[in-house]
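Comments concern the structure below.
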Amino acid sequence: MKKIILILLLILLVTPVHAKKFKVKNCDSSSMADINWAVDFIDNNIDEMLAEATFIPGKYKDKIKKKWPSTTLKCSKKKKCSGDTMGYHKKGSGNKFNLCWDQIRDFNQTRCELVGILMHEKAHAANVPIEKKHNDMNAYSYVSNVDLVYRFDDVVENVCTRKSDPNYVPTGATKTGGDIVESGRAGKLALDQLCSEHTQCASSKCGKGRCVCDDNNDCGSKSRCIKKIGKNYCVPTGGIIGDFCKKNSDCGIGKCEKKSCVCKKDTDCRTSFGSTNFRCAKPGLGFGKNFCQPTSVSNGGACAKNSDCNSGKCKKKKCVSK
Ligand SMILES: [Zn+2]
């Protein structure tokens with residue numbers, strides 16, 4: 001019996017593991033040049049994009065990076081691709097996501113915007129916490145400024161625009177006579193930078209290939225270090241609406257619900273967005289996170305109850321005349 005187990009074990013060990021590959025499905029040939037460009041750009045710059053997204057905890061960044069090479073990307077014409085929806089990721093669909101190519105083309109998205117869309121959907125696949133009104137951004141415009149996935153999308157697009165600029169010179173490099181010469185990196189590596197040994201990191205801790213925090217001091221004055229086996233990460237303290245949190249005291253404004261700082265009272269929204277026309281809406285247990293509901297909404301705008309509308313009437317979540 002032992003022999004059989006040993007043989008089985010040997011077979012398992014010598015069987016080559018086929019790494020899952022990046023797949024593109026159902027996209028017509030006219031879109032492939034743009035898609036290939038965007039995928040290549042991400043392959044080459046993913047570390048820089050993730051390092052610049054300081055508001056996303058390392059554990060999600062690791063997932064994004066790990067899951068990227070085995071993505072299945074599908075071009076879709078389904079109902080979900082309507083209005084200005086450029087892509088979607090179905091809950092529980094893991095590493096598959098959909099691009100709405102007709103929308104991407106009709107809205108004249110640039111290649112860097114496409115890079116943003118790809119990373120946006122990838123962030124969903126990695127379960128980065130989102131705002132309650134993530135999918136209703138046109139009615140809730142503040143969401144684009146606070147939601148972690150939209151903020152990531154912006155960072156990614158900026159990195160792309162910057163690096164596609166022919167005059168771009170990377171930080172830490174000096175341009176001499178047309179050649180880019182890396183200048184010697186003085187000191188130690190900052191958090192999130194790639195490492196192979198503890199001694200390379202300013203924090204003296206290299207976890208799974210990246211410099212991670214070792215104690216609260218490594219995270220700066222507005223973050224704390226959460227210790228997790230193999231991979232510590234910084235969580236902001238004094239977080240504002242939309243920021244990642246683990247517990248209520250991580251939020252400087254409001255409270256922590258499902259890993260996001262959300263409003264607790266009306267003034268949380270009002271001070272956050274500099275307008276008195278907000279209240280804190282509380283969908284209640286099982287109905288998702290609290291969110292900031294605009295008030296004094298004109299007809300056609302989004303509402304949750306009658307008093308949100310100028311007209312005094314909210315019907316099917318839209319303000320209508322009385
Ligand atoms: Zn999204």
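The values are calculated or read from the model by the stated rules, or taken from the named source; none is laboratory data. Treat the numbers as computed from the prediction; the structure is a model and nothing was measured. A quick note on method: Cβ atoms are made from the backbone with ideal geometry, for glycine too, and the neighbour counts reach across all protein chains shown.
General observations
- Checked against (1) surrounded by fewer than 17 Cβ atoms within 10 Å (Cβ to Cβ); (2) within 16 Å of the ligand (Cβ to nearest atom), LYS66 passes all but condition (2).
- Answer from CYS292, CYS269, CYS213 - the residue that is surrounded by 14 or more Cβ atoms within 10 Å (Cβ to Cβ) and part of a strand (DSSP E or B): CYS292
- Residue in segment 86-102 that is farthest from the ligand (Cβ to nearest atom), counting only those that are under 15 Å from the mean Cα position of the chain (by Cα) and buried (at least 22 other Cβ atoms within 10 Å of the Cβ): PHE97
- Within segment 299-307, not a single residue is at pLDDT 95 or above, touching a Leu at 6+ places or on another chain (Cβ under 8 Å), among the polar types (S, T, N, Q) and not assigned by TED's automatic domain parsing to the domain that holds ASP243.
- The set of residues in segment 274-289 that are buried (at least 18 other Cβ atoms within 10 Å of the Cβ) and in contact (Cβ under 8 Å) with a residue 60 or more places away in the chain contains only LYS289.
- Residues in segment 274-319 that are farther than 30 Å from ASN248 by Cβ, polar (S, T, N, Q) and in contact with a Ser or Thr (Cβ under 7 Å, 6 or more places away or on another chain): ASN299, ASN310, SER311.
- Among residues of segment 119-156, those that are in a helix (DSSP H, G or I), of a type outside the set (Gly, Ala, Ser) and closer than 19 Å to HIS89 by Cα, counted: 17
- Yes/no for ILE42 being modelled with pLDDT of 95 or more, within 26 Å of LEU148 (Cα to Cα) and surrounded by 15 or more Cβ atoms within 10 Å (Cβ to Cβ): yes
- Residue count for segment 27-53 satisfying the condition of being free of Cβ contacts under 8 Å to residues at least 12 places away in the same chain and among the hydroxyl-bearing types (Ser, Thr, Tyr): 2.
- The set of residues from segment 225-252 being modelled with pLDDT of 90 or more and either in a strand (DSSP E or B) or surrounded by fewer than 20 Cβ atoms within 10 Å (Cβ to Cβ) (or both) comprises CYS225, ILE240, PHE244, LYS246, LYS247, ASN248, SER249, CYS251, GLY252.
- Matching residues in segment 109-118 - criterion: being farther than 11 Å from VAL149 by Cα and either outside the structural domain of VAL159 (by TED's automatic domain parsing) or in a helix (DSSP H, G or I) (or both): ARG111, CYS112, GLU113, LEU114, VAL115, LEU118
- Residue check, PHE278 aromatic (Phe, Trp, Tyr) and in contact with a helix residue (DSSP H, G or I) (Cβ under 7 Å, 6 or more places away or on another chain): yes
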